[in-house]
1. Bins of 5 Å, beginning at zero and ending with the bin holding the largest distance: percent of Cα pairs per bin for the chain, please.
2. Quick one: which of K21/K162; K43/K192; K62/K140; K30/K52 span more than 27 angstrom between C-alpha atoms?
3. Under a 1.4 Å probe, what is the accessible area of the chain per residue, stated in Å²?
4. Hey, any idea what % of the chain's accessible area is carbon plus sulfur with a 1.4 Å probe?
5. So what is the calculated 222 nm ellipticity per residue for the chain, using -39500 (n - 2.57) for each DSSP H run with n of 4 or more, over all residues, to the nearest 500 deg cm²/dmol?
6. Of R157, R28, R121, which is the most mobile in a GNM of the chain whose springs link Cα atoms less than 10 angstrom apart?
7. With springs only between Cα atoms under 10 Å apart, run a GNM on the chain and tell me which of Y179, Y63, Y166 wobbles the most.
8. Looking only at V138, V113, V12, which one moves most when the chain is put into a Gaussian network model with springs between Cα atoms under 10 Å?
Amino acid sequence: MYQELQKGWLEVICGPMFAGKSEELIRRVKTLSYAHQKIIAFKPAIDNRYDKTAIASHDGEKYQAYAVKTVQDIEKSVTPDTQVVAIDEVQFFGPEIVSLCEEFADRGMRVIVAGLDTDFRGEPFGPMPELLARAEFVTKLSAACTVCGCAATRTQRLVNGKPANYDDPIILVGAKESYEARCRKHHIVPNKPKHTID
């Protein structure tokens, strides 16, 4: 993963909550920092769970980052000599994040993004499907299901200890008080429309 292939590409780290996405992003940028790469990291300002100015994992690992509100804030902060752009919780940004990541990669930068590939309903989350399709490298992580201990690929939102309804708002920033990792079998979304084959 750290061999020089060519200048510029996109890496996506994805999976459910508690799978170690931020931890993996931090590990990669720290490794690259030992090679004296010029790195700039970002996180959405909406995510202030563990640290306002750092990418932070659930287990306490941190890497300094700009907390930004818009994709334009990222664009303005990246200088021509930047070699690595890292973005955590990328699912919270609008669709324009895709073209910006592509632009950075085309300019010879290594772009590493991490985020939830699906929302609490089990549906593709924001710009993630497009980023996954365009990435040179994809790392899909899993967590452990809190019900059975098997591989968890979904994020279960809880409201007063009960599964959230399909129609609840998509974005609710939280951690263990609001979310659990679940496998397909134990992921419950009341009122979710049934899949039909036409």
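1. Per 5 Å bin, starting at zero, the Cα-Cα P(r) for the chain comes out as 1, 8, 16, 20, 20, 15, 10, 6, 3, 1, 0 percent.
2. K43/K192
3. Using a 1.4 Å probe on heavy atoms only, each residue of the chain averages 52 Å².
4. 50 percent
5. -5500 deg cm²/dmol
6. Sorting by GNM fluctuation, first place goes to R28.
7. Y166
8. Maximum fluctuation in the GNM of the chain, among the listed residues, is at V138.
The values are calculated or read from the model by the stated rules, or taken from the named source; none is laboratory data. All of these numbers come straight from a predicted model, not from anything done at the bench. Please note: Cβ atoms are built from the backbone with ideal geometry, for glycine as well, and neighbour counts cover all protein chains shown. For accessibility, only protein heavy atoms count, side chains too; no ligands or nucleic acids. Shrake-Rupley method; radii C 1.70, N 1.55, O 1.52, S 1.80 Å.
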